[in-house]
Amino acid sequence: MTTESTESPAARDGRPDRAVRPRTDDDVDECVRVLARVHRSDGYPVDWPDRPGDWVARATGLGAWVAVLDGRLAGHVGLSRPAEGDEAPGLWGDRNGTGREGTAVVSRLFVDPGARGYGLGALLLGRAEREARRLGLHPVLDVVATDTAAVALYERLGWELLSEQEQRWGQGRTVPIRCYAAGTGAVAGSR
């Protein structure tokens, strides 16, 4: 298993050691515990899944990674092919003539509330973005518009807003979403 250490020298300077590595099946239970804390704190995901372990493990067909802070699992991100209901892939594909199949969807990005402020969200997003580009795909994502912390992260890292729209979710609910595509500059979380 490879680990992408991102701050070993910083750890020697008294700052926490941060790393991103591929998610394993053994990580899923801990990811669910972190996700539960995120849900209580931020309301993500909007609808708590009936089977949260399956929800974490699903939609990551192109890869999944976890962030580790001082040896403790502290975040997660997945990368997958576009699925029904994903809006950003079609918007990017139409704009660039590549079709939906030219995109990879970033999803299941979350960081433990107790581990925020260490740049883990940017590291995870950067890892997913690099993998998408390595595969010749353009990274895109949809986010609930009320998730202001996530929106701020994407915009700070140069992701381009493609559209603001409303999606119909179960039980006749309408949810505002924002659709983003990675910028064409430097990859998030890279140095």
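Annotations
- Any hit, region 43-52, residues being outside any loop (DSSP other than H, G, I, E, B), open to solvent by less than 80 Å² (accessible area, probe 1.4 Å) and at pLDDT 95 or above: yes
- Condition met for residue 28 (out of contact with any Pro (no Cβ under 6 Å at 6 or more places or on another chain), of a type in the set (A, V, I, L, M) and either without any contact (Cβ under 8 Å) to a residue 12 or more places away in the chain or within 17 Å of residue 150 (Cα to Cα) (or both)): no
- Residue 91 being touching a Leu at 6+ places or on another chain (Cβ under 6 Å), among the aliphatic types (A, V, I, L, M) and open to solvent by 40 Å² or more (accessible area, probe 1.4 Å): yes
- Residues located in region 71-94, provided they are aliphatic (A, V, I, L, M) and within 19 Å of residue 115 (Cα to Cα): 73, 74, 77
- Residue ranges of helices (runs of 4 or more DSSP H) in region 77-167 with at least 1 members more than 29 Å from residue 17 (Cα to Cα) and among the aromatic types (Phe, Trp, Tyr): 88-96
- Residue within region 121-141 that is at pLDDT below 95 and either open to solvent by 50 Å² or more (accessible area, probe 1.4 Å) or touching a Gly at 6+ places or on another chain (Cβ under 8 Å) (or both) present: no
- Note on region 7-32: among residues that are part of a loop (DSSP other than H, G, I, E, B) and more than 18 Å from the chain's Cα centre (by Cα), the one that is modelled with the highest pLDDT is 17.
- Matching residues, region 31-42, being closer than 26 Å to residue 174 by Cβ, open to solvent by 50 Å² or more (accessible area, probe 1.4 Å) and in contact (Cβ under 8 Å) with a residue 24 or more places away in the chain: 41, 42
- Any hit, region 170-177, residues being modelled with pLDDT under 95 and charged (D, E, K, R): yes
The values are calculated or read from the model by the stated rules, or taken from the named source; none is laboratory data. This one's a predicted model, so the numbers in the text were calculated from it and none came from an experiment. Every residue, glycine among them, receives a Cβ derived from its backbone with ideal geometry; neighbour counts consider all protein chains shown. Just the protein is used for accessible areas: all its heavy atoms, side chains included, with ligands, DNA and RNA removed. Shrake-Rupley method; radii C 1.70, N 1.55, O 1.52, S 1.80 Å.
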